[in-house]
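Only one structure is covered here, and it is reproduced in the block below.
Just so it is clear, none of the values below were taken in a lab; they were calculated from the coordinates. Computed from a prediction, not measured in an experiment: that's the story for all the values here. Note that each Cβ is placed from the backbone with ideal geometry, even for glycine, and that neighbours are counted across all protein chains shown.
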Amino acid sequence: MEKEYFAHETAVIDDGCTIGAGSRIWHFSHIMTGSVLGKGCNIGQNVVISPGVVLGDNVKVQNNVSVYTGVTCGDDVFLGPSCVFTNVVNPRSAVCRRGEYARTRVGRGATVGANATVVCGHDIGEWAFIGAGAVITRDVPAYALVVGNPARQTGWMSRAGYRLEFAPDGTAVCPGTGEKYRLEDGKVTIMEHNN
């Protein structure tokens, strides 16, 4: 049976992976046993996808990214170049903590910028935007824009990746798509979709 995905000849694909149709795996990447890649994913060069990792459909993983056991990414997630996830809060070489891996969930459509570090055990909400080099040490709300070390929220982003400016009535319009959003009780929701 012919595979429904592309893998560069230098990629290592362990037995026991699930790889969705139309996915592409590039140079020197390693997809480990028990990992799941959805349809239409793009795995850049020198990427490690560890056992038990789940990537939804259309996930883009740029070069030099490490996605360790315990991480789940929803559909349409973007993982920028050289970003990294951890899976143990207190690692020690002399102490085996394989049974202590913490989980991290990245919501649909979220972006994790280049060189960002996601400390394990935190959820990143859907459509959140993690700036380049940020260090995530707490949960990130849906649609939030966070930057810095440790990361702090500095605003809100639309599904299309534009900064949202909320009016006094709690509404904002995406300057790129015209979609309308509401900010209420510290949470952003979309009011209108343009598909």
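Remarks
- Counted by neighbouring Cβ atoms within 10 Å, the residues 66, 29 run from fewest to most as 66, 29.
- When exposed loop sites are taken as GluC sites (Glu not before Pro) in a DSSP loop with at most 15 other Cβ atoms within 10 Å, the longest stretch of the chain clear of them is 10-164.
- Oblate is the label for segment 83-134, because the ratio a/c of its alpha-carbon gyration tensor axes (a ≥ b ≥ c) is 1.5 or higher and a/b is not greater than b/c.
- Mean Cα-pair separation over length for segment 1-80, i.e. relative contact order, pairs under 8 Å, 6 or more apart, %: 22
- 20 °C / 1.002 mPa s Stokes-Einstein diffusion coefficient of the chain, Kirkwood radius on C-alpha pairs, µm²/s: 124
- For the chain, built as a Gaussian network whose Cα springs stay under 10 Å, the top-fluctuating residue of 55, 79, 164: 164
- Taking a ≥ b ≥ c as the square roots of the eigenvalues of the alpha-carbon gyration tensor, segment 17-64 is classed oblate because a/c is 1.5 or more while a/b is no larger than b/c.
- The chain - share of DSSP beta bridges that are antiparallel (%, nearest 5): 25
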